[in-house]
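Notes follow the structure.
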Amino acid sequence: MSINPDLGTHVALVTGASRGIGAAIALALAEAGASVAINYRQNSAEALAARIRSRGGRAIAVGADVSQATHVAAMIERVAAELGPIDVLVNNAGIGIARGIDDLSEADFDQTIAVNLKSVFLCTRAVLPAMRRRRWGRIVNISSGAARGAGGIGVHYNASKAGMEGLTRGYAARLVTEGITVNAVAPSLIETDMTSGRRDEVVARIPLGRMGYPQEVAQAVLMVIGNPYMTGQTVQLNGGTNFL
């Protein structure tokens with residue numbers, strides 16, 4: 001059994017993948033042979049899709065607000081028409097609106113839950129029919145150490161990521177007999193736009209002595225996709241910050 005999955009006959013959708021962790025995951029999936037749909041909302045992913053195609057892969061960029069059911073339905077329909085039915089889904093789309101307890105508004109809370117959590121439900125619901133027909137599917141949800149710890153963004157973000165891990169376990173338990181695995185990867189303290197302004201402060205808290213790289217998160221995503229016996233699990237990447 002190969003450690004690296006051969007995804008040459010599979011179609012993957014990565015949400016929120018125009019940059020950072022999502023972009024690294026999209027590239028890794030393409031290198032594993034998958035045809036890749038790169039979802040974005042504000043920052044276009046056309047350049048990333050072109051980069052994959054220039055290397056001989058198949059990729060399209062698809063704009064959609066994954067917190068909206070109608071947008072998700074249209075996105076899934078387009079991907080199926082251009083690449084084929086989706087059987088690998090990586091729910092990576094997310095926002096991190098930093099707020100303290102006293103300045104967190106209802107609008108901030110609702111938006112965070114919609115983008116970070118509701119989108120997982122909407123996208124999973126949309127791809128399940130094709131996965132069930134094939135009796136094969138891989139769903140990976142990108143969580144965060146904030147699901148179990150205090151984190152630095154706010155309680156709304158904690159709640160959204162804890163909810164994502166609850167969905168992961170709930171779906172895993174109900175889909176395991178249909179050939180579909182559902183896992184989460186929970187990176188903390190990764191070098192992205194979200195942490196760029198706090199690098200020195202962040203590194204001081206990491207026993208390994210550096211922040212993680214988006215490519216290391218992508219490596220963990222490929223690992224859980226390639227392991228058919230793993231489901232309902234959360235893989236943490238945090239440089240030894242905690243072992244919960």
Considering region 195-219, residues that are of a type in the set (G, A, S) and within 19 Å of the chain's Cα centre (by Cα), and then whichever is surrounded by the most Cβ atoms within 10 Å (Cβ to Cβ), we arrive at A218
The condition of being assigned to a strand (DSSP E or B), of a type in the set (S, T, N, Q) and surrounded by 23 or more Cβ atoms within 10 Å (Cβ to Cβ) holds, among N116, N39, only for N39
Exercise. Within region 98-116, can one find any residue that is modelled with pLDDT of 95 or more, closer than 20 Å to A218 by Cβ and either under 16 Å from the mean Cα position of the chain (by Cα) or not basic (K, R) (or both)?
Worked result: yes
| Is there a residue in region 144-159 that is at pLDDT 95 or above and of a type in the set (D, E, K, R)? | no
Looking across region 137-152 at residues that are touching a strand residue (DSSP E or B) at 6+ places or on another chain (Cβ under 7 Å) and assigned to a loop (DSSP other than H, G, I, E, B), the single one that is farthest from V202 (Cα to Cα) is S143
Listed by first then second residue, the pairs whose first member lies in region 175-189 and is surrounded by fewer than 23 Cβ atoms within 10 Å (Cβ to Cβ), whose partner is of a type in the set (F, W, Y) and in a loop (DSSP other than H, G, I, E, B), with beta carbons under 6 Å and at least 6 positions apart or on separate chains, are G179/W136
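Would it be correct to say that M131 is over 27 Å from D103 (Cβ atoms), aliphatic (A, V, I, L, M) and crowded, with 16+ Cβ neighbours inside 10 Å?
Details: over 27 Å from D103 (Cβ atoms): yes; aliphatic (A, V, I, L, M): yes; crowded, with 16+ Cβ neighbours inside 10 Å: yes.
Answer is yes for this residue.
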Selection from region 33-81 of residues touching a His at 6+ places or on another chain (Cβ under 8 Å) and of a type in the set (A, V, I, L, M) yields A34, A64
Exercise for review: Could you tell me whether region 1-14 includes any residue that is at positive phi and crowded, with 23+ Cβ neighbours inside 10 Å?
Suggested key: no
When region 195-221 is checked residue by residue, the ones that are of a type in the set (S, T, N, Q) and modelled with pLDDT under 95 are T195, S196
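Only one of these is modelled with pLDDT of 95 or more and not in a helix (DSSP H, G or I): T241, T181, T192, T177. Name it.
T181
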Scanning region 82-97 for residues that are under 16 Å from R125 (Cβ atoms) and in a loop (DSSP other than H, G, I, E, B), the one farthest from the chain's Cα centre (by Cα) turns out to be P85
Scanning region 220-237 for residues that are buried (at least 19 other Cβ atoms within 10 Å of the Cβ) and assigned to a helix (DSSP H, G or I) gives A220, V221, L222, V224, I225
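The values are calculated or read from the model by the stated rules, or taken from the named source; none is laboratory data. Values in this document were obtained by computation on a predicted structure and should not be read as measured data. All Cβ positions, glycine included, derive from the backbone under ideal geometry; neighbour counts span all protein chains shown.
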